[in-house]
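Participant: Sharing a structure here in structure tokens format.
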Amino acid sequence: MGSERASVFEEEDLDISGFAPKAAEPPAPPLEKIRAVSEGASFRSREPRAVAPPAARTERERRRFRTGRNVQLNIKARSEAIDAFYAIADREGWVLGEAFEHAVEALERALAGKSEVFGEGEAKPRRRLA
């Protein structure tokens, strides 16, 4: 064929003798032979290695209650503070939302009369909790 494209509308006989099905591919060698050759050539395997299980972590009991509370609060805190919060809630028999509400009430009572913390009066430098 030349460099011109064949027309769809012309009634010429196209020479398609150059087209033929692909020859069948030879079968793959057995996996044992492949593994022996790759180990001999120091190839690294892509197979996953056995990983040591992570350090044991204390699992907390699932807490699912229907309380009418539907807003979520995500905070970052130290592990000790979270463990103490859970311990207080467990000791008192409160769900976590209820424990949070008690904590907010206690904080409000503790801060009552200390309006300078909230910007009224002289500002006091805040200290970082350890």
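Participant: I'm trying to understand the selection: among the residues of the range 22-33, which are in a loop (DSSP other than H, G, I, E, B) and of a type in the set (Lys, Arg)?
Facilitator: Lys22
Participant: Checking the condition assigned to a loop (DSSP other than H, G, I, E, B), more than 18 Å from Val104 (Cα to Cα) and small (Gly, Ala, Ser), which residue from Ala52, Ala77, Ala36 passes?
Facilitator: None of the others qualify; the one that does is Ala52.
Participant: Working carefully through the options Phe65, Phe19, Phe9, find the one that is surrounded by 10 or more Cβ atoms within 10 Å (Cβ to Cβ), part of a loop (DSSP other than H, G, I, E, B) and at pLDDT below 90. Before the answer, list the steps.
Facilitator: Values: Phe19 fails: surrounded by 10 or more Cβ atoms within 10 Å (Cβ to Cβ); Phe9 fails: surrounded by 10 or more Cβ atoms within 10 Å (Cβ to Cβ).
Just one listed residue meets the conditions, Phe65.
Participant: Give all pairs with beta carbons closer than 8 Å in which a residue from the range 74-92 that is free of Cβ contacts under 8 Å to residues at least 24 places away in the same chain and surrounded by fewer than 10 Cβ atoms within 10 Å (Cβ to Cβ) meets a residue that is of a type in the set (A, V, I, L, M, F, W, C) and not in a helix (DSSP H, G or I); count only pairs at least 6 apart in sequence or on separate chains.
Facilitator: Partner pairs satisfying both residue conditions: none exist.
Participant: Another question about this same structure. If the requirement is being modelled with pLDDT under 90, out of contact with any helix residue (DSSP H, G or I) (no Cβ under 9 Å at 6 or more places or on another chain), part of a helix (DSSP H, G or I) and surrounded by 10 or more Cβ atoms within 10 Å (Cβ to Cβ), which of these qualifies: Glu116, Glu101, Glu105?
Facilitator: On the way: Glu101 fails: modelled with pLDDT under 90; Glu105 fails: modelled with pLDDT under 90.
Sole residue among the options that is modelled with pLDDT under 90, out of contact with any helix residue (DSSP H, G or I) (no Cβ under 9 Å at 6 or more places or on another chain), part of a helix (DSSP H, G or I) and surrounded by 10 or more Cβ atoms within 10 Å (Cβ to Cβ): Glu116.
The values are calculated or read from the model by the stated rules, or taken from the named source; none is laboratory data. The model shown is predicted, which means the values in this text are computed figures rather than measured ones. In this analysis, Cβ positions are derived from the backbone assuming ideal geometry, glycine residues included, and neighbour counts consider all displayed protein chains.
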